[in-house]
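To start, the structure under review is shown below, and the notes come after it.
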Amino acid sequence: MALDHAALLEVLEVMRAADVDDRVRTAAQGMYQALIDAEATAVIGAGPWERSAERTAQRNGSRPRVLTTTAGDLELRIPKLRTGSFFPSLLERRRRVDQALFAVIMEAYLHGVSTRKVDDLVKALGADSGISKSEVSRICADLDEEVGAFRDRSLGETTYPYVFLDATYCKARVNRRVVSQAVVIATGVTADGRREVLGFDVGDSEDGAFWTAFLRSLKARGLGGVQLVISDAHTGLKHAIASVLIGAAWQRCRVHFLRNVLAQVPKGNAEMVAAAIRTIFAQPDAEHVHEQFDVIATMLGRQLPKVEQMLRDAKDDLLAFTTFPISHWKKIWSTNPLERLNKEVKRRTDVVGVFPNPAALLRLAGSVLVEAHDEWQVTAERRYLSETSMALLNAPATNKEVAKPELMTA
């Protein structure tokens, strides 16, 4: 679509004042902007200030978008609409995670953390022409603001009866040394059965002080109504839960506990021990679960006294799920749902390898988690737990509820 006369004169005036090297960029920017405006006019059904019976929406200002090309950075304006949305077909939407990965890689490049590997990663992202430092700064600033707003959002609008906590580890440079950094993640199930990412943080370790500070930050944002916290036996976490989430029970992840047990068992006995312990969780009600626990602990103790001691010591924490609705057991006796989220974080962070600093790690991990949270909200009709079953949390206990066959084999 051709530029009108006034627009052409404006572009010409700018090009006259520009250096020779900048004229191609100016011309490209003018062409892109003209095409974007033309497409917006076609979508709206009318041009700016034009009256038309075919109009379907109204313009509402514009938002900036920088497009990196071989001609340089093009500073474009994308029209915003009062109702609905518009995005030019000429431009490619950047997913939040892709933006974060791009920003982290370029930040690593600018900090001299890696050389050939980072260059290969940048080319794999389709940026053969490279990227300017100003573009890296803009991407990082936008993402930091978005991730920060998500981490600081209020949690007081609903209650979260179930909270899952876990940590995964990545490498980052701190004081010119490559060290392991803990990425701690909290997810929750709302009173109506939906899943949400509640918060995340990056720290030097995951001792009691680190977990306490993390849980206090969630409480400060309004986290409430917590009845059960599900996690592995991270150092200091149980004490942090007791001191911050007062009144909440702790469910020790059965999967992690079984791994800890098998690490103390001769390989020849591992399959037998695992099968025996799993029968504890295959019972139809709480009474039978506790009875089977005692039977299995005694049986294993005859040959493996250390395993019996581990079971006895962990009994209350391992069987905390039994005081909750049976229909929830399968979803609350382990951190498996959070493990899948951890794997996605690791999949994206492994691309970078060593992060230039903890802030870069937080940016990428946070972007992954924000996207996961958004996807859960889009598929809200597929609740993690049904709204009807969540109502059982506040209902009087009943002995008539028994586990379904599919639960017993889980």
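The values are calculated or read from the model by the stated rules, or taken from the named source; none is laboratory data. What you are looking at is a predicted structure, and each value in this text was computed from that prediction instead of being measured. Reconstructed Cβ throughout: ideal geometry from the backbone, glycine too, with neighbour counts over all protein chains shown.
Miscellaneous remarks
- Output for the range 308-347, where each listed residue is among the polar types (S, T, N, Q) and either in contact (Cβ under 8 Å) with a residue 60 or more places away in the chain or surrounded by 19 or more Cβ atoms within 10 Å (Cβ to Cβ) (or both): Thr322, Thr323, Ser327, Ser334, Thr335, Asn336, Asn342
- Scanning the range 52-83 for residues that are in a strand (DSSP E or B), of a type in the set (S, T, N, Q) and at pLDDT below 80 returns Thr68, Thr69.
- Scanning the range 248-291 for residues that are among the small types (Gly, Ala, Ser) and either surrounded by 19 or more Cβ atoms within 10 Å (Cβ to Cβ) or touching a residue at least 40 places away in the same chain (Cβ under 8 Å) (or both) yields a count of 4.
- When Ala191, Ala240 are screened for being more than 20 Å from the chain's Cα centre (by Cα), closer than 22 Å to Val345 by Cβ and modelled with pLDDT of 90 or more, only Ala240 passes.
- Some residue of the range 179-198 being out of contact with any helix residue (DSSP H, G or I) (no Cβ under 9 Å at 6 or more places or on another chain) and more than 21 Å from Val368 (Cα to Cα): yes
- Residue selected from the range 140-167 under the condition in contact (Cβ under 8 Å) with a residue 60 or more places away in the chain and part of a helix (DSSP H, G or I), by the criterion nearest to Ala365 (Cα to Cα): Val147
- Restricting the range 14-42 to residues that are touching a strand residue (DSSP E or B) at 6+ places or on another chain (Cβ under 9 Å) and surrounded by fewer than 17 Cβ atoms within 10 Å (Cβ to Cβ), the residue that is modelled with the highest pLDDT is Ala28.
- Condition met for Phe210 (aromatic (Phe, Trp, Tyr), in a strand (DSSP E or B) and surrounded by 19 or more Cβ atoms within 10 Å (Cβ to Cβ)): no
- Take the conditions (1) closer than 26 Å to Asp374 by Cα; (2) assigned to a helix (DSSP H, G or I); (3) of a type in the set (Gly, Ala, Ser); Ala242 misses just one of them, which is (1).
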